[in-house]
1. Please compute the modelled spin-label separation between residue 36 and residue 62, points set 7 Å along Cα→Cβ, answer in nm with one decimal.
2. Dividing the Cα convex hull volume of the range 74-121 by residue count, how many Å³ per residue is that?
3. Order of 91-103, 127-139, 44-56 by packing, highest average Cβ count within 10 Å first?
4. Which value in nm describes the separation of the simple spin-label points at residue 72 and residue 144, placed 7 Å from the Cα toward the beta carbon?
5. Enumerate the lysines that residue 113 could reach by cross-link, defined here as Cα to Cα under 18 Å, with residues fewer than 8 away along the same chain left out.
Amino acid sequence: MSGVARGAVAELSYHQCCEFCGAPSRPVAALVKVVANVYKALGEARDALEVQGQLIKDLRAAARPSPSEGVRAARAALDLLTARERQILVLISQGNSNRSVARALGISEKTVKNHLSALFTKAGVSDRTQAVVLGIRSGIVSLDEPFGDAPPPAAPRAGLPADSGSR
C-alpha cells in the first residue's frame with residue numbers, strides 16, 4: 001500500500017466517510033443508525049395507518065343512520081297507511097299472494113293491487129320485499145307470524161272504513 005493510501009486509512013477514524021469510496025468509516029454504526037431510522041419511520045407509518053383506519057371506521061359509522069333513526073323513519077312512513085293497507089302489509093309479509101289476501105279479506109284482487117300501489121307510494125318503496133322490510137323495522141310486521149294462508153289480521157280501528165271495495 002502506498003504511503004498516501006496508508007495515511008488515508010489511518011485518518012479514517014477521524015472522518016465520517018472514506019475519502020476513496022465514500023463508504024462510512026464505521027459501517028456497523030452507520031448500519032445501526034439507518035436501521036433505527038427505518039424502524040422509526042415504519043412505526044410512524046403504522047401509527048398513521050391506525051389513525052386512518054379509525055377515521056374511516058368513524059366516518060362509516062357516522063354515514064349509517066342509527067337503528068333508532070331507521071325505526072323512526074319507517075314508522076313515520078307507515079303512519080300514513082290506512083288500517084286496510086296495514087292489514088295487507090301483514091298478510092303479504094306472511095307470504096300470501098294477492099289472490100289469497102283478497103280471499104282472506106273478502107275483497108277483489110284488483111282492490112288488493114290498488115291498496116298495494118297506495119302502500120308502496122306512501123311508504124316510498126318499489127316492491128313487496130321493501131314494504132315488508134319497512135314493516136318489520138317499524139314493528140307493524142312480526143317475524144313470529146305464521147307463513148302462508150293465514151287468517152286476516154284484526155279488524156280496522158273504530159272510525160276507519162274497512163274497505164271501500166275498490167279505488
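1. So the label points at residue 62 and residue 36 sit 4.0 nm apart.
2. 65 Å³
3. In decreasing order of mean packing, 91-103, 127-139, 44-56 become 91-103, 127-139, 44-56.
4. If labels sit at residue 72 and residue 144, their model points lie 2.7 nm apart.
5. List returned: 122.
Computed from the coordinates by the stated procedures, all read-outs in this text should not be read as laboratory data. Bear in mind the structure is a predicted one, so any value in this text is a computation, not a measurement. Using ideal geometry, Cβ is built from the backbone for each residue, glycine included, and neighbour counts are taken over all protein chains shown.
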